[in-house]
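We did not get these values from a lab; they are worked out from the coordinates using the rules stated. Just so it is clear, the structure is predicted and the values come from calculations on it, not from any experiment. Virtual Cβ from ideal backbone geometry, glycine too; neighbours counted across all protein chains shown.
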Amino acid sequence: MTEQFFTKTPALKGIVKQRYADFMVEEILIDGTVCKIKRFNTPFEEREAITEMIIPPRTDEEYLLLEMEKINYDTNTALAFLARGLNISKKRMGYAGLKDKRAITCQQISLYLPNEELIKKFGVKGIELRNPKWSKKRTELGDLAGNEFTITIRGIEQSEEKITKIIKEFSIELEKGVPNFFGNQRFGGKRMITHRVGKLMLKNKFEEAVMLYLTETYAEEKIELKNARINLAKTRDFKQALKEFPQKDARTEKAMLNHLIKNPTDFNGAFSVLPKKMRYLFTHAIQSDIYNKILQKRMEKYKDKALEPIEGDVLIEGVPAIILPGYESTFASEEAGEIEKEVMKKENLSFEDFKTEQMSELSSKGDRKPILLKPRDFKLIKIFDDEYNEGKKAITIKFFLTKGNYATTILKELLKEEIF
């Protein structure tokens, strides 16, 4: 994506996610319940002792709801540890939204008729379960109002006066909204791979998709994992790759390699070993990539007026909404539709491609997403001397975003650089 920014404030020159505690995400459920971070944001010596969980008696409910606070785990990895510790399938687990890895996050999960004694004994460093209650309803993707973010930006060289001025002006601009791009997490972070794999899968090119997923590297990737990927690309020796891929950083890849050792030509099946929700993310990623490219084209063409309605726009609550393509999608009309058609043609994708028999969970009816992002309650909490970067300043900001929107989109506009 080209470096084009909508806000006019000078760049706040700082570091995002230097420490896990610099990025905190608290899930807010539809009923307003906040999953509060309580443990991993406090120094180790000040944390309360862990007491045995008291699970209330069950009547006819089948799902145990729990708050899961975690540090330095993405949601899927945390659930994998939980599945192993509770001896249950990940199919029996539910969650409302995926949360960042390099962060402290709190979210609700559900477990279908779990072994209560195993839950009480569960203990993995960096994951805490609490507040159990029974429910008749499983927690599903999207069962949340949004997320509250508390973010610390470090290593700022600008003066306190300059920082205050930038934040004040930026908060005024935010009231009008910024382009609602999908964040880079949607595409696999620095590997930027999920949408590329998704496109190959929709085209039924499963072998290419598997090899891309297993072998693509990026500059800062850990050397052991990077070398394992490079070697696999050269040799296509799945058995050797299984030995070389590190367990800690490549659980997904090792699961796929295990399947390929037993079934060397079943590339469709290699993806089938992944959780169903994870497989669907590949389709989400290609839809998001197309959406971002359409929004980028609007920005290049209309500049400051890019977020205002143009001829043919489909509006949601008065805001233009760009296509997330699917097999039931239709293009907008006139100028808005022409931009959508141009991007889809360039990507060599049709709406029919989003209905696949090979792996039904890749199929999507399609949707639209508003192009305007307005965070709620954006505020500067404090400016302070950065204890981890001598002679520099740090700030903590806080804001709320409705579900499906990305804090990195706000940070990108504030820092005027890509955020991973």
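Express the C-alpha Rg of the chain as a ratio against the empirical globular expectation 2.2 N^0.38 Å, rounded to two decimals.
It is 1.03.
Per residue, the Cα convex hull of region 45-185 amounts to 166 Å³.
Subtracting the Cα-Cα distance from 0.36 nm times the residue separation, let me have the gained length for Glu160 to Asp385 in nm, one decimal.
Numbers: separation 225, 0.36 × 225 = 81.00 nm, distance 0.96 nm.
Once the chain is fully extended between Glu160 and Asp385, it gains 80.0 nm.
Could you check which residue among Ile37, Ile230, Ile193 shows the biggest mean-square fluctuation in a GNM of the chain with a 10 Å Cα cutoff? Of Ile37, Ile230, Ile193, the Gaussian network model singles out Ile230 as fluctuating most.
When you count the other C-beta atoms within 10 angstrom of each residue and take the mean per peptide, 392-401, 156-165, 93-102 line up highest first as 93-102, 392-401, 156-165.
Which shape class applies to region 26-65: rounded if a/c is under 1.5, otherwise prolate when a/b exceeds b/c and oblate if not, where a ≥ b ≥ c are the square roots of the Cα gyration tensor eigenvalues?
Values: a/c = 4.54, a/b = 1.43, b/c = 3.17.
Since a/c reaches 1.5 but b/c is at least a/b, the shape of region 26-65 is classed as oblate.
Looking at region 152-190, none of the chymotrypsin sites (Phe, Trp or Tyr not before Pro) sits in a DSSP loop with at most 14 other Cβ atoms within 10 Å of its own Cβ. Mind checking region 345-420 for GluC sites (Glu not before Pro) that DSSP puts in a loop (not H, G, I, E or B) and that have at most 16 other Cβ atoms within 10 Å? Hits after loop and neighbour filter: Glu347, Glu357, Glu387, Glu390, Glu417, Glu418. The gain in end-to-end length when the Lys239 to Asn204 segment is fully stretched comes to 10.1 nm, 0.36 nm per residue minus the alpha carbon separation. The distance between label points at Lys190 and Arg84 comes to 2.4 nm (points 7 Å beyond Cα on the Cα→Cβ vector).
Here is the size of region 280-374 from its Cα atoms: Rg then Dmax, 13.2, 43 Å.
Computed over region 4-73, the alpha-carbon pair-distance distribution with 10 angstrom bins reads 12, 30, 30, 18, 7, 3, each value a whole percent.
Within region 213-305, list the chymotrypsin sites (Phe, Trp or Tyr not before Pro) lying in a DSSP loop whose Cβ has at most 15 other Cβ atoms in a 10 Å radius. Each step should come with its number before you reach the end.
On the way: sites: Tyr213, Tyr218, Phe238, Phe267, Phe271, Tyr280, Phe282, Tyr291, Tyr302; in loops: Tyr218.
Counting only loop positions with at most 15 other Cβ atoms within 10 Å, the chymotrypsin sites (Phe, Trp or Tyr not before Pro) in region 213-305 are Tyr218.
Tell me, rounded to the nearest percent, the portion of alpha carbon pairs in region 176-331 spaced more than 24 Å apart. Looking at region 176-331, the distances longer than 24 Å represent 44 percent of pairs.
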